[in-house]
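Take a look at the structure below.
The values are calculated or read from the model by the stated rules, or taken from the named source; none is laboratory data. Since the structure is predicted, the reported quantities are computational estimates derived from the model, not experimental observations. Cβ placement follows ideal geometry from the backbone for every residue including glycine, while neighbour counts extend to all protein chains displayed. Just the protein is used for accessible areas: all its heavy atoms, side chains included, with ligands, DNA and RNA removed. Shrake-Rupley method; radii C 1.70, N 1.55, O 1.52, S 1.80 Å.
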Amino acid sequence: MEHTISISAQAERIVTDTSSLPFGKIPTEHMFICEYADGGWQNPRIVPFHDLTLNPMALCLHYGQTVFEGMKAFYMDDGRVNIFRMDKHHDRFTKSLHRMCMPEVPKALFEAAICKLVALDVEWIPRDGDGALYIRPFMIATEARVGVKIADEYLFMVVCSPTFQYYSHPLKVKIENHFVRAAEGGTGTAKCGGNYGGAFYPTQLAKDEGYDQVLWTDSKNHEFIEESGTMNAMFFIDNVLVTPPLSGSILDGVTRDSLLAIARETGVAVEERSISYKELVRAFEEGKRVEAFGAGTAAVVAPIASIAIEGTEYACYLGDDALMYRLKHQLFGIRKGLAPDNHGWNCILK
Ligand code: COI
C-alpha cells in the first residue's frame with residue numbers, strides 16, 4: 001500500500017548550540033506520527049514537535065507494549081547526508097515488534113518517514129566531530145483498556161535529537177553477577193522499553209558504588225558476559241576481537257555487527273563466543289593486553305577503563321594505539337564517505 005506523508009507548516013526554526021547538552025534532551029522541530037487502527041496504518045504525517053495526548057488506560061502505560069530503535073544521520077565529507085544502515089534497523093525493529101505482538105511497519109513507510117523527517121530538520125545535524133542526529137523511531141500500544149490483552153491500536157512515531165559524545169570519559173564498570181538483564185527465551189533480543197526500565201535498579205546500585213555501568217552476565221551461571229549497560233560488550237584480548245554470540249538474550253547491535261564486519265575484512269581475528277569473567281581475570285593476571293568497550297548506536301565505541309570482578313579492579317588498555325580506536329575510526333570513515341562503503345550501509349538522503 002502506498003503511504004503519502006503530509007507535512008504540516010514549518011515550525012519556527014531555532015537551531016541552538018546543543019553540544020553541551022545531555023544526550024537526547026533537545027528534540028528537533030518536527031516529528032513523524034501515524035496511527036494503527038482497523039488493521040492498518042493511517043494518516044502518516046510530519047508535524048511540529050508537540051506533546052501527546054494519551055488515554056490513561058492506554059495499554060502501553062500498563063503492560064509495556066513499547067518498542068524502539070536508535071539510528072543516526074551524519075553529514076558526509078562531501079556535504080551529503082547519510083542515514084546509517086536503515087535496512088538493518090528496520091529488520092531489527094520488525095523482529096522486536098514481532099516479539100511484542102505489535103504490528104509491523106512496512107519498510108517503505110519506515111524509510112519514508114525517517115527520510116522526510118531528516119530532510120525537513122536537516123539543519124539540526126551537527127557537522128563536526130562525533131556529532132550526529134540521533135533518530136528514535138518507536139511504537140506504543142494506545143488502545144484504552146486496562147484488561148491484559150494485545151492492543152488493537154498503536155502509534156508509530158519518529159523523533160530526532162542532535163547528539164555528540166554519549167560518554168565523556170572511559171567507563172568504570174563492574175561485573176554484575178547477582179541481577180540479570182535478560183534470560184534466554186525472554187525479551188533480551190527485543191529493543192523493548194521494559195529491558196531498559198528493568199536495568200535501572202542494578203545500574204543505580206553500581207553507580208552508588210562509584211561505577212559508571214555494569215557488565216551483565218548470563219542468567220543461569222552469572223558468569224558469562226552478556227552486555228555492558230545499554231551496549232554490546234566487546235574485547236580485544238591479545239589483539240583478538242572477542243564478543244559474546246547472539247545467544248538469544250542479547251541485542252543484535254547494529255554497531256556490533258558493523259565493527260565485526262570491518263574487523264573481519266581488515267584481517268583482525270574475530271571470535272564470537274561465550275566469555276567467562278574468569279577468563280578475563282586470567283587474561284589480566286597473565287599480563288595480556290585487554291581492551292574492553294561497549295558498542296552501540298548512541299555511544300558508538302565507549303572505552304572501558306576498568307572492570308571490577310569480585311572485589312578486584314582490573315585496568316584495561318587505553319593507549320593511543322588501542323585497536324578499538326582504530327575500529328571506531330574505520331567505522332567513522334565509512335559513515336563520512338572517506339572510506340569505501342563495501343556493504344551498502346550508507347543510505348544517502350536525496
Ligand atoms: C542506542 O544506542 O541507540 C540505544 O538505544 C541505547 C540507549 C540510548 C537507549
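Overview of results
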| quantity | calculated |
| --- | --- |
| Any hit, the range 265-281, residues being open to solvent by 20 Å² or more (accessible area, probe 1.4 Å), in contact with a Phe, Trp or Tyr (Cβ under 6 Å, 6 or more places away or on another chain) and among the small types (Gly, Ala, Ser) | yes |
| Any hit, the range 166-173, residues being within 15 Å of the chain's Cα centre (by Cα), within 21 Å of residue 31 (Cβ to Cβ) and not β-branched (Val, Ile, Thr) | no |
| Residue 260 open to solvent by less than 10 Å² (accessible area, probe 1.4 Å) and either within 26 Å of residue 286 (Cβ to Cβ) or modelled with pLDDT of 95 or more (or both) | yes |
| Sole exception among (1) part of a helix (DSSP H, G or I); (2) in contact (Cβ under 8 Å) with a residue 40 or more places away in the chain for residue 304, by number | (1) |
| The listed residue being assigned by TED's automatic domain parsing to the domain that holds residue 194, among the charged types (D, E, K, R), open to solvent by 10 Å² or more (accessible area, probe 1.4 Å) and within 16 Å of the ligand (Cβ to nearest atom), out of 226, 209 | 226 |
| So residue 303, is it open to solvent by 20 Å² or more (accessible area, probe 1.4 Å), within 16 Å of the ligand (Cβ to nearest atom) and closer than 30 Å to residue 161 by Cα | yes |
| Matching residues, the range 307-331, being crowded, with 20+ Cβ neighbours inside 10 Å and either farther than 21 Å from residue 85 by Cα or free of Cβ contacts under 8 Å to residues at least 12 places away in the same chain (or both) | 307, 316 |
| Residue within the range 15-23 that is among the charged types (D, E, K, R) and either part of a strand (DSSP E or B) or modelled with pLDDT of 95 or more (or both) present | no |
| Where a residue in the range 54-82 is within 12 Å of residue 193 (Cβ to Cβ) and modelled with pLDDT of 95 or more and its partner, wherever it lies, is surrounded by 14 or more Cβ atoms within 10 Å (Cβ to Cβ) and polar (S, T, N, Q), with Cβ under 7 Å and at least six apart | 60/66; 60/142; 67/96 |
| The lone exception for residue 97 - which of (1) under 22 Å from residue 54 (Cβ atoms); (2) free of Cβ contacts under 8 Å to residues at least 60 places away in the same chain; (3) open to solvent by 10 Å² or more (accessible area, probe 1.4 Å) it fails | (3) |
| Qualifying position, being open to solvent by 10 Å² or more (accessible area, probe 1.4 Å), free of Cβ contacts under 8 Å to residues at least 24 places away in the same chain and out of contact with any strand residue (DSSP E or B) (no Cβ under 6 Å at 6 or more places or on another chain), among 129, 147 | 147 |
| Residue in the range 101-112 that is of a type in the set (Phe, Trp, Tyr) and crowded, with 21+ Cβ neighbours inside 10 Å present | yes |
| Candidate set from the range 229-284 (those that are closer than 23 Å to residue 219 by Cα and polar (S, T, N, Q)); member that is nearest to the ligand (Cβ to nearest atom) | 230 |
| Qualifying positions in the range 77-91 - of a type outside the set (S, T, N, Q) and either crowded, with 18+ Cβ neighbours inside 10 Å or within 21 Å of the chain's Cα centre (by Cα) (or both) | 81, 83, 84, 85, 86, 87, 88, 89, 90, 91 |
| Some residue of the range 165-175 being surrounded by 15 or more Cβ atoms within 10 Å (Cβ to Cβ) and closer than 23 Å to residue 46 by Cβ | no |
| Filter result for residue 293 (within 16 Å of the ligand (Cβ to nearest atom) and open to solvent by less than 10 Å² (accessible area, probe 1.4 Å)) | yes |
